[in-house]
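Below is one structure, written out as C-alpha cells; the observations come after it.
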Amino acid sequence: MSEKSLPRAVVLVSGGMDSAVTIALAREQGYQVHALSVAYGQRHSSELAASARVSTMLGAVEHKTVTVDLRSIGGSALTADIDVPLDTAESSDIPVTYVPARNTIMLSIALGWAEVLGSSDIWCGVNAVDYSGYPDCRPAFIEAFETLANVATKAGVEGAGIRIHAPLMRMGKADIAREGQRLGIDFSATVSCYNADSEGRACGHCDACRLRAQGFREAGLPDPTRYV
C-alpha cells in the first residue's frame with residue numbers, strides 16, 4: 001500500500017519522548033501522519049525545533065506549527081515569569097507548570113485540521129501515570145473531548161466520526177522508554193526539559209527531567225538525554 005493511500009491521522013507533537021513514541025505507533029498501525037505542534041508561548045522553545053526534527057525522523061508526511069499566544073494570559077511557569085520548580089518533592093497538588101487549557105486548545109486545533117484533511121483520527125501522547133498530575137492528561141478528559149468532537153463538527157455529525165487515540169495513557173515512563181527502544185526511536189533527538197537551553201540541552205532538575213531520567217533508569221536503558 002502506498003503512503004498516499006493510507007488513512008490520515010493528525011498527531012500532536014511536542015518534541016518530547018511521549019509524542020515521538022506516539023508518532024511511531026501511529027505509523028506502525030498504518031496511518032499517514034500529519035504532525036502538529038503548537039507554539040503557545042512556552043519558555044522552552046527548543047522543543048519546537050525538536051518537534052520538527054522528530055516528525056521528519058519518524059516519517060510524518062508533513063509537520064505544521066500553529067501559533068497561539070497563551071503567554072498573554074500567563075498562569076503557568078511555562079508561559080509567565082514564574083520560576084520552574086527544581087528538585088521538588090512529589091505532591092498531589094497540580095504543579096505550577098500546568099498550562100491552563102493547553103491540551104484542550106491543542107486538541108481543538110488538531111480537530112480542525114483533521115476535518116480539513118478528511119481524517120477521523122487524532123493521536124496524542126497524554127499519559128495518566130507519570131504525568132505530573134495535570135488534569136488534561138487523564139482518561140476522563142480524553143473521553144470528554146472525543147464526545148465533544150463528535151457533536152461539535154461536521155465530521156462528527158455527518159461523517160465517519162472522530163476518534164481520539166491516546167496509546168500511552170496507562171504507560172509509565174519506563175514502559176514508554178522500552179516501547180521507544182522497540183520502535184527504534186533515537187530519543188537523543190527529543191527534548192522534554194521545562195528549562196531546556198537554546199540547543200535543547202536539559203537542566204536535569206525539573207519535574208520533566210526527573211520523570212524522564214527515572215524512566216530510562218527503571219527500564220534499564222542508557223539515558224541519551226543531552227544535559228547542560
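The values are calculated or read from the model by the stated rules, or taken from the named source; none is laboratory data. Predicted model only: the values in this text are computed from it and were never measured. Positions of Cβ are backbone-derived with ideal geometry, glycine not excepted, and every protein chain shown enters the neighbour counts. Keep in mind that these areas ignore ligands, DNA and RNA; they rest on the heavy atoms of the full protein, side chains included. Shrake-Rupley method; radii C 1.70, N 1.55, O 1.52, S 1.80 Å.
Just order 119-128, 3-12 by mean Cβ neighbour count inside 10 Å, highest at the front, would you?
Highest mean packing first, the order is 119-128, 3-12.
What does the helix-only formula give at 222 nm for the chain: each DSSP H stretch with n ≥ 4 adding -39500 (n - 2.57), the total divided by the residues, and the result rounded to the nearest 500 deg cm²/dmol?
-11000 deg cm²/dmol
Just the number, please: carbon plus sulfur as a percent of the accessible area of the chain, 1.4 Å probe, no ligands or DNA/RNA counted.
52 percent
For the chain, what is the accessible area per residue in Å², given a 1.4 Å probe and the full set of protein chains?
45 Å²
Only helices at least 27 Å long along their axis, Cα-based, and averaging 0.0 or more on Kyte-Doolittle count here, so list those DSSP H runs from the chain.
Flagged H segments: there are none.
Any idea what the dipole of region 1-49 comes to, in debye rounded to 20, about its Cα centre with Lys/Arg Cβ at +1 and Asp/Glu Cβ at -1?
In total the dipole reaches around 120 debye.
Of (1) 16.8, 51; (2) 24.0, 93; (3) 16.0, 46, which is the value of Rg and Dmax of the Cα atoms in Å derived from the coordinates here?
(1)
Given the protein chains as shown and a 1.4 Å probe, how many square angstrom of Lys173 are accessible, to the nearest 10?
Roll a 1.4 Å probe over it and Lys173 shows about 20 Å².
As a test, work out the antiparallel percent of DSSP beta bridges whose residues both lie in the chain, rounded to the nearest 5.
Percentage antiparallel, nearest 5: 5.
Could you tell me what a quarter of the Cα convex hull surface of region 168-228 works out to, in nm² with one decimal place?
The Cα convex hull of region 168-228, projected and averaged over all directions, gives 4.0 nm².
Order these peptides, 97-109, 45-57, by their mean beta-carbon neighbour count within 10 angstrom, highest first.
Sorting 97-109, 45-57 by mean packing, highest first, produces 45-57, 97-109.
Can you tell me which of 199-211, 133-145 comes out highest on packing, and rank the rest after it, using the mean Cβ neighbours within 10 Å?
199-211, 133-145
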